[in-house]
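*Asks:* Provided herewith is a single structure, encoded as structure tokens, for subsequent inquiry.
The values are calculated or read from the model by the stated rules, or taken from the named source; none is laboratory data. Quick caveat, the model's predicted, so the values are computed rather than measured. Note that each Cβ is placed from the backbone with ideal geometry, even for glycine, and that neighbours are counted across all protein chains shown. Heads up: the accessible areas ignore ligands, DNA and RNA and are worked out on the full protein's heavy atoms, side chains in. Shrake-Rupley method; radii C 1.70, N 1.55, O 1.52, S 1.80 Å.
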Amino acid sequence: MEKRYGRITGWGAYVPEKVVTNYDLENIVDTSHEWIVQRTGIYQRHVAAPNETTATMSVEAARLALQKANLAASELDLIIVATTTGDHLTPPVSSQVQHMLGATNVPAFVLVTGCTGFLYGLTTAQQFISSGAYDNILVIGAELLSRFIDWNDRSTCVLFGDAAGAFVLQASTEPCGVLGFDMGSDGSGSEHIILPATGSAEPVNAATFAEGRHYLRMNGREVFKFATRILGQTSQRSLAEAGMTLTDIDTIVPHQANLRIIQAAARSMGLPIERFLVKIHKYANTSAAAIPLAICDGLDAGEIGLEDRLLLVSFGAGLTWASAVLQMAPTTETAFAAARTASLEIAELVSA
Ligand SMILES: CC(C)(COP(=O)(O)OP(=O)(O)OC[C@H]1O[C@@H](n2cnc3c(N)ncnc32)[C@H](O)[C@@H]1OP(=O)(O)O)[C@@H](O)C(=O)NCCC(=O)NCCS
């Protein structure tokens, strides 16, 4: 079988209309715009309206991506929704999204690896395409963390925002899509980012509720140390798998959790910060949505192009990490070269 690649033919992102600035947060908790900007690089975040859910945000992003790909939802072979904040513990939000899109009977599943979810999803989708099992796959990263954070806890409530981002992958024989990847997990750090009383280990009850154990808890310093260590390591592994080095990469798209983490990654990779796509000032940390949202924003702004080689790199709850070398569309040169070879072959056949 000819080698198959997952070309990104559609992309779309959604952020809720409501913007909450750092100044707004000064009225809620003991914080300041200056502290938040200096420690995180965040200026504002988008927060979902009461009638919005992870499913509705996912559908908004997915419709844009399908429209861009010129593909009907019914033509999809698979839907993957990466999220930690699905509408319910069960049913899986992926089935709600599948139904709302009108993708009748299309298989759909949720992938829960925290902020790395979109990269895990993208890589998973790529495998289904490479194997020949499926041709058209929708991958969504969506997160509605504003409903899971304690708005009285200044150490977490300033950090997150709500959003969704989606990619459509379609089978192609031209080299593009995920060209190399790396994923990993270290559960010894599971306590560092946790929603304690939301699962079977600690079902929510009056006592857990009174203690606010249904809200996100985070050991910021430990996560910070982990992130600055792992970003460079996983990036090198993805590059090696793609047979590339950092000089082959046009832009690095890191997880958007803290500008200082991105700056530390830039220093450890020996690269200027300008090589990194940074959108954290506008959206804060939108977890599984952060990378597709940054890419959509970067494409709209003309900061990146479809033929650019991107290094996507993320870390998150678990603790998990993931990275991928991504080229959304095949290079025109490659396409020309392929066309040239084909026409030469035809010429040879004709003259023979
Ligand atoms: C959370 C984070 C911004 C905190 O920054 P930091 O420089 O590590 O700050 P510290 O936790 O050391 O806290 C320093 C002080 O600021 C205070 N502080 C914390 N949040 C504050 C806020 N929003 N406003 C003002 N002060 C705040 C702390 O209480 C502490 O005060 P103290 O020294 O009197 O105890 C940072 O650790 C971080 O980004 N970590 C990674 C988190 C992450 O990436 N999470 C997502 C994973 S996907």
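*Asks:* Being under 16 Å from the mean Cα position of the chain (by Cα) and at positive phi is the filter here, so list the residues in segment 273-315 that pass it.
*Replies:* 284, 287
*Asks:* Being part of a strand (DSSP E or B) and open to solvent by less than 70 Å² (accessible area, probe 1.4 Å) is the filter; apply it to segment 217-275 and report the residue that is nearest to the ligand (Cβ to nearest atom).
*Replies:* By that ranking, first place goes to 218.
*Asks:* When residues of segment 126-149 are filtered for being within 18 Å of residue 114 (Cβ to Cβ) and away from the ligand (no atom under 11 Å from the Cβ), how many remain?
*Replies:* Here the count works out to 9.
*Asks:* Mind checking which residues of segment 159-185 are β-branched (Val, Ile, Thr) and under 23 Å from residue 230 (Cβ atoms)?
*Replies:* Answer for segment 159-185, where residues must be β-branched (Val, Ile, Thr) and under 23 Å from residue 230 (Cβ atoms): just 178.
*Asks:* Is it true that residue 152 is within 20 Å of the chain's Cα centre (by Cα) and polar (S, T, N, Q)?
*Replies:* Criteria not met by residue 152.
*Asks:* Kindly indicate whether any position in segment 175-197 is modelled with pLDDT of 95 or more, in contact with a Ser or Thr (Cβ under 6 Å, 6 or more places away or on another chain), among the hydrophobic types (A, V, I, L, M, F, W, C) and open to solvent by 20 Å² or more (accessible area, probe 1.4 Å).
*Replies:* Checking segment 175-197: at least one residue is modelled with pLDDT of 95 or more, in contact with a Ser or Thr (Cβ under 6 Å, 6 or more places away or on another chain), among the hydrophobic types (A, V, I, L, M, F, W, C) and open to solvent by 20 Å² or more (accessible area, probe 1.4 Å).
*Asks:* What number of residues within segment 1-46 are at pLDDT 95 or above, more than 16 Å from the ligand (Cβ to nearest atom) and hydrophobic (A, V, I, L, M, F, W, C)?
*Replies:* 5
*Asks:* Is it true that some residue in segment 151-161 is modelled with pLDDT of 95 or more, open to solvent by less than 30 Å² (accessible area, probe 1.4 Å) and under 20 Å from residue 309 (Cα atoms)?
*Replies:* No - not one qualifying residue is present in segment 151-161.
*Asks:* Under the condition of being farther than 22 Å from residue 129 by Cβ and among the hydroxyl-bearing types (Ser, Thr, Tyr), which residue from segment 84-94 is most open to solvent (accessible area, probe 1.4 Å)?
*Replies:* Ranking the qualifying residues of segment 84-94, first place goes to 90.
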